[in-house]
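Report on the structure given below.
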Amino acid sequence: MSFVVGHGVIELSCIFIAGGAGLLIGTALLMPGDLLRADALKSRGMEAVRLIVGCVPLLVVAGIIEGFISPAPISPMIKIGIGLITGIALYGYLFLAGRH
């Protein structure tokens with residue numbers, strides 16, 4: 001657990017966001033609403049691409065943590081602290097960004 005906790009919060013969050021992007025594309029195909037399927041796919045596809053592009057820097061950070069901090073012979077409490085700090089920072093941004 002101490003190996004995964006440092007980078008797992010960010011990585012699993014990106015996996016869930018990518019799943020949401022896939023659901024956007026799926027709903028465009030299955031439930032296009034008043035739009036043509038091609039138009040719905042184009043608009044929701046652009047939203048999905050924005051989500052995935054937003055995940056790229058997060059996955060880079062998770063990869064750096066996984067490569068340098070997770071295998072390091074340091075205290076598991078430090079790794080848990082890094083997981084907590086990155087989780088608070090990520091979800092603080094996601095919940096508070098864009099508010100006026």
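The values are calculated or read from the model by the stated rules, or taken from the named source; none is laboratory data. The shown structure was predicted, so the numbers you read here are calculated from the model rather than taken from an experiment. For neighbour counting, all protein chains shown are included, and Cβ atoms are generated from backbone atoms with ideal geometry for every residue, glycine included. Accessible surface is based on the protein model in full, side chains and every heavy atom, while ligands, DNA and RNA are left aside. Shrake-Rupley method; radii C 1.70, N 1.55, O 1.52, S 1.80 Å.
The table that follows gives values for the structure above.
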quantity: Isotropically averaged projected area of the chain, using the convex hull of Cα atoms (one quarter of hull area), nm²; calculated: 7.8
quantity: Carbon/sulfur fraction of accessible area - the chain, other protein chains in place, 1.4 Å, %; calculated: 77
quantity: C-alpha long axis of helix 37-64 to longest principal axis of the chain, angle in °; calculated: 10
quantity: On Cα atoms only, tilt of 2-30 relative to the major axis of the chain in degrees; calculated: 0
quantity: Estimated distance in nm for a label pair at Leu23 and Ile80, the labels positioned 7 Å out from Cα along Cα-to-Cβ; calculated: 3.1
quantity: About the Cα centre, charge dipole magnitude for the chain (Lys/Arg +1, Asp/Glu -1 at Cβ), debye; calculated: 100
quantity: Neighbourhood charge, 15 Å Cβ-Cβ cut-off, centred on Ile25 and excluding it, Lys, Arg +1 and Asp, Glu -1; calculated: +2
quantity: Packing rank of 64-74, 30-40, where each peptide gets the mean count of other beta carbons within 10 Å, highest leading; calculated: 64-74, 30-40
quantity: For the range 58-87 and the range 1-52, distance of Cα centres in Å; calculated: 25
quantity: Radius 15 Å from Cβ of Arg44, net charge of other residues (Lys, Arg +1; Asp, Glu -1); calculated: 0
quantity: Solvent-accessible area per residue, Å², over the chain with all protein chains present [probe radius 1.4 Å]; calculated: 69
